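Below: the structure, in structure tokens.
The values are calculated or read from the model by the stated rules, or taken from the named source; none is laboratory data. Every value quoted in this text rests on a predicted model; they were computed, and no experiment measured them. Cβ coordinates were reconstructed from backbone atoms using ideal geometry, including for glycine residues, and neighbour counts include every protein chain displayed.
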Amino acid sequence: MKLPPEVQFYEDIRLLVYRPRGLLDETAINRIVSIIGDLEAKLQEPFNRFFDTLGHDEVELNFRYVIHISLYRVLSYGDRPPVKSAILATDTTIAHYFQLHAIITEDSPINVRIFQQREDAAKWLGVALERLAENSARATHGNGNQQNGSAVNER
């Protein structure tokens, strides 16, 4: 499965990393939710997530949409095994939206936590810090090759 440049999947540690840039809006959220859903369907095994929101410089969301997409994720993930979603957010607006997401997913297998330090997110996820580093491009094709510095995974 070819992933866009802002998404990497580390198969060896079962971790999806999302590092978007620019505007955080419904289109961006819908895109990553679609990618996560596709990976969940294809892989049939749980994987953790790391969202690095530090590259966002503008936010165009509302609470109604965040509630809607959070409920959608809870229902679509269903009763699968627990996963962790670590959100790196220092912008208060972005943090508030993800805190709402965390509250809505609280009684589901999707465990969401918001972090202000990359190191804390890495420790909670149980992964090496360099895997979450901004310039990390260690996720690879299934054959071990990197392509244009962005990570993709083909199965």
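The table below lists the values:
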quantity	calculated
One residue from ILE67, ILE114, ILE29, ILE36 being more than 16 Å from the chain's Cα centre (by Cα) and either modelled with pLDDT under 95 or outside any loop (DSSP other than H, G, I, E, B) (or both)	ILE67
When residues of the stretch 117-134 are limited to those that are more than 22 Å from GLU45 (Cα to Cα) and part of a loop (DSSP other than H, G, I, E, B), the one farthest from the chain's Cα centre (by Cα)	GLN117
Subset of the stretch 91-111 that is of a type in the set (A, V, I, L, M) and over 16 Å from HIS68 (Cβ atoms) - its residue that is surrounded by the fewest Cβ atoms within 10 Å (Cβ to Cβ)	ALA95
